[in-house]
Amino acid sequence: GHLPPPERVKALVDEAYGRYRSIDEGAVADYIPALAKVPRDLFGVCLVGVDGSVHEVGDAGYPFSIQSVSKPFVFALVCQAIGAEEARRKLGVNATGLPFNSVIALELNQDRTMNPMVNAGAIAATSLAPGEIADEKWRFIQDGLSRFAGRRLEVDEQIYQSEAATNLRNRGIAKLLEGYGRMYFDALEATDIYTRQCALKVTAKDLAVMGATLADGGVNPVTEERVVDASICKRVLAVLATAGLYELSGDWLYEIGLPGKSGVSGGIVTVIPGKGGLGTFAPALDEAGNSIKGQRVSKYLSERMGLNLFASK
Ligand code: GLN
């Protein structure tokens, strides 16, 4: 199967944008002080097909920090580096059903693994990046995410500094995991690399290209570069489907029927396996930290284009 023909895709993407543009619900994240300054009315949508076609509208070229949307891509790179089985053993792949920064989740699981889509498991995934020292691990992550995007991604220093100065909870989570033997590098250094990773600047278009790379079995459809193997993509998408929107992952899958990942800066990437990637950006969030407009657009396009993976026709 393919996406609908280009002119139909363009019409639907434009329609979705127009439909939800004036919604003004939700709150911009402010627990990272610099995020609170991002204008709440920014709104961008981009759909990239596995054929490399690009349809974008609104603020799809506006740079914002990637935040948690980095998690599936780092997980994919780590799976590629150490193997998907080893990654599962060390990180866990079961949904917590709890908020992204839950400490309780760490206490509930027998073997103390988390999953790479919440902070604990994501910091552990970052700690597994190849390299003896923090700098090598960072370079692996920056290079890898840049290959997913098909262009060099750089850190927003203001966002990085702002989160680094206030991320005591993440440092605590990492230390707790380290105590349980589930951190694979110095906990505080891993948290710092993770914080930098979350501050990488992307656009909605970048997210769409990154998602389309996972949809395309690991080949970036724009640069045609292979970033990870197809055997890795399907594992990443499985974890995304169950845990991409934290405690609302079930609601998301129920409505949209596609793997997706949200972040507190307002980005969402949705992967349409074998077809393409959808990137949305709108900073106002629901109570779980998921972009409100992004969820609406994704639902609308999934329905109108017939993309739900569980639909029989
Ligand atoms: N950097 C943010 C944090 O660790 C990412 C969280 C998110 O996007 N949900 O808190």
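As an equivalent ellipsoid, region 180-313 spans semi-axes of 24, 19, 15 angstrom, where each value is the square root of five times an eigenvalue of the C-alpha gyration tensor, largest first. Taking the DSSP beta bridges with both ends in the chain, the antiparallel portion is around 100 percent. Using the Cβ-Cβ distance between Leu108 and Asp135 with R0 = 45 Å, the FRET efficiency computed as 1/(1 + (r/R0)^6) comes to roughly 0.85.
Packing around the peptides 10-17, 192-199, 105-112, taken as the average count of other Cβ atoms within 10 Å per residue, puts them in this order, highest first: 192-199, 10-17, 105-112. Cross-link pairs exceeding 23 Å between alpha carbons, from the set Lys201/Lys293; Lys137/Lys293; Lys37/Lys293: Lys137/Lys293.
Based on Cα contacts under 8 Å between residues 6+ apart, region 114-178 shows a relative contact order of 28 percent. Convex hull volume of the C-alpha atoms in region 68-198, normalised per residue: 96 Å³.
Across the chain, the mean sequence separation of Cα contacts (distance under 8 Å, 6 or more residues apart), normalised by length, yields a relative contact order of 27 percent.
Every pair of different Cα atoms in the chain enters the Kirkwood calculation, which places the hydrodynamic radius at 18.8 Å. As a proxy for reagent exposure, ranking Phe73, Phe64, Phe140 by other Cβ atoms within 10 Å from fewest up yields Phe140, Phe64, Phe73. Charged neighbours of Lys293, selected by a Cβ distance under 13 Å, balance to 0 (K, R count +1; D, E count -1).
Remark: the Cα gyration tensor places region 7-117 in the oblate category, a/c being 1.5 or greater and a/b not exceeding b/c.
Between region 136-193 and region 252-311, the C-alpha centres lie 25 angstrom from each other. Between Ala238 and Arg152, the modelled labels are 3.8 nm apart [label points 7 Å from Cα along Cα→Cβ]. Available extension along the chain between Gln161 and Val54 is 35.2 nm, counting 0.36 nm per residue and deducting the alpha carbon span. Karplus-derived 3J(HN,Hα) values for region 167-180, using 6.51 cos²θ - 1.76 cosθ + 1.60 with θ = phi - 60°, are 8, 4, 5, 4, 5, x, 4, 5, 5, 4, 4, 4, x, 8 Hz; glycine and proline are entered as x.
No value in this document is a laboratory result; all are computed from the given coordinates. On a predicted model such as this, the values are computed, not experimentally measured, just so you know. Methodologically, a virtual Cβ is constructed for each residue, glycine included, from the backbone with ideal geometry; neighbour enumeration extends over all protein chains shown.
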